[in-house]
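A.B. asks: Below you will find the structure I want to go over with you.
Computed from the coordinates by the stated procedures, all read-outs in this text should not be read as laboratory data. Quick caveat: nothing in here was measured; it's all calculated off a predicted structure. So basically every Cβ, Gly included, is an ideal-geometry build from the backbone, and we count neighbours across all protein chains shown.
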Amino acid sequence: MTEVLNRVRAALVSEPRLDLHRFPIELSFAQGTLTLEGEVGDVAAKKLALERTAALPEVAVIIDRLRVQPAQRMGDGEIRDLVRDALLQEPAFADFAIRRRLGERVEKVREPPEARGAIDLEVEDGVVTLNGQVPGLDDKRLAGVLAWWVPGSRDVINGIAVEPPEDNSDEAILEAVRLVLEKDPFVDASQIRVGVKNALVRLTGLVPTEAEREMAEFDAWYVFGVDKVDNRIEVHRS
């Protein structure tokens, strides 16, 4: 077990996006199951930590208890209200039922008579959990990104079911990333090109600020199913 944990630590140390001095990760391993617990700097660090450790042959199962340092500390009620409002205001979800779970109680926020889908929302300790059923993978992915955009969110667990089921593909991820970039009011999607191969997203183009370059990259990381982002966007200051 000690040897496996040493290999896990070495894999994490080798990832430059992980700052283990500032954001230490607690590890435990038993019978092929690795548990990662702690707070990391951003969603990229979280996904890369999972990707690095999943590549180790000794690791059969990963229990992910990594949380992202929020842009702004918020209480669960405030996060819940902001995610609810984002879902309600999204035109693609206009005919979806939206429900909030408060402990054992379920509150109907919107219940159209002939709902095309349903999204259930729960927040605990800054972690947003989404459940329900939607007709397309794009809907599932968009709901997850809207939850990630709330500055207090520490993690998003996207358990929304897609009915009828859709096969994932690079083309589907590409369309989802494009959609998210177009939805982001702080990003000029017309200046950014997206490519996807084996769930790796490559971003190219020109933007006027480093902040916009970074926001475009995080938008891609937020998309469910994206394993890696190669940000080659250039900053052109006029």
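A.B. asks: What percent antiparallel are the DSSP beta bridges of segment 76-162, to the nearest 5?
C.D. replies: Values: 12 of 23 bridges.
Antiparallel bridges: around 50 percent, rounded to the nearest 5.
A.B. asks: GNM, the chain, Cα, under 10 Å: largest mean-square fluctuation among Lys197, Lys46, Lys228?
C.D. replies: Judging by the Gaussian network model, the answer is Lys197.
A.B. asks: Could you order the peptides 188-195, 134-141 from most to least packed, using the average number of other C-beta atoms within 10 Å per residue?
C.D. replies: In decreasing order of mean packing, 188-195, 134-141 become 134-141, 188-195.
A.B. asks: Do any GluC sites (Glu not before Pro) in segment 47-103 lie in a DSSP loop with no more than 14 other beta carbon atoms within 10 Å, and if so, which?
C.D. replies: Listed in order of number, the matching sites are Glu58.
A.B. asks: Let me spell out the model: positive unit charges on the Cβ of Lys and Arg, negative unit charges on the Cβ of Asp and Glu, origin at the Cα centre of segment 170-235. What dipole size does that give, in debye rounded to 20? Before the final figure, lay out the partial values.
C.D. replies: On the way: 8 positive and 14 negative charges, 37 e Å.
It comes to approximately 180 debye.
A.B. asks: With Cβ to Cβ distances under 11 Å as the rule, what net charge do the other residues near Glu124 carry (K, R +1; D, E -1)?
C.D. replies: It works out to a net charge of -1.
A.B. asks: Check which residues have an amide H placed less than 5 Å from Val40's amide H, if you skip close sequence neighbours.
C.D. replies: Amide H neighbours of Val40: Arg67, Val68, Gln69.
A.B. asks: Could you list the residues of segment 106-137 with an amide nitrogen less than 17 Å from a label point located 7 Å from the Cα of Arg178 in the Cα-to-C-beta direction?
C.D. replies: Only 137 fall inside the zone, counting backbone N under 17 Å.
A.B. asks: Sticking with this one: For the charge dipole of segment 170-235, defined by +1 on Lys and Arg C-beta atoms and -1 on Asp and Glu C-beta atoms about the Cα centroid, which residue among Ala189, Gly225, Ala211 has the Cα displaced farthest towards the positive pole?
C.D. replies: Comparing the listed Cα positions along the dipole, Gly225 ranks first.
A.B. asks: So, one more: If you place +1 on the Cβ of every Lys and Arg and -1 on the Cβ of every Asp and Glu, how big does the dipole about the Cα centre of the chain come out, in debye to the nearest 20?
C.D. replies: Numbers: 31 positive and 44 negative charges, 79 e Å.
Approximately 380 debye in magnitude.
A.B. asks: Considering the dipole of segment 2-68 built from charges on the beta carbon (Lys and Arg +1, Asp and Glu -1) around the Cα centre, which of Leu66, Gly32, Val8 is farthest to its positive end?
C.D. replies: Ranked along the dipole, the leading option is Leu66.
A.B. asks: Find the percent of Cα-Cα distances in segment 2-68 that exceed 17 Å, and round it to a whole number.
C.D. replies: Of all Cα-Cα distances in segment 2-68, 30 percent exceed 17 Å.
A.B. asks: Just the number, please: percent antiparallel of the DSSP beta bridges in the chain, rounded to the nearest 5.
C.D. replies: On the way: 23 of 50 bridges.
Counting only bridges with both partners in the chain, antiparallel ones make up about 45 percent.
A.B. asks: Stretched out fully, how many nm does the piece from Arg65 to Asn6 gain, at 0.36 nm a residue minus the Cα gap?
C.D. replies: Extra length from Arg65 to Asn6 when fully extended: 19.3 nm.
A.B. asks: Can you tell me what share of the DSSP beta bridges in segment 2-68 is antiparallel? A percent to the nearest 5 is fine.
C.D. replies: Taking every DSSP beta bridge within segment 2-68, about 40 percent pair in antiparallel fashion.
A.B. asks: A further question on this structure: Among Pro113, Leu82, Ile157, whose Cα sits farthest toward the positive end of the charge dipole of segment 76-162 (+1 at Cβ of Lys/Arg, -1 at Cβ of Asp/Glu, about the Cα centre)?
C.D. replies: Of the options given, the answer is Pro113.
A.B. asks: How big is the charge dipole of segment 29-139 about its Cα centre, in debye rounded to the nearest 20, if each Lys and Arg gets +1 on its Cβ and each Asp and Glu gets -1 on its Cβ?
C.D. replies: Here the size comes out at about 80 debye.
A.B. asks: Okay, next question. Roughly how far apart, in whole Å, are the Cα centres of segment 19-41 and segment 194-214?
C.D. replies: 28
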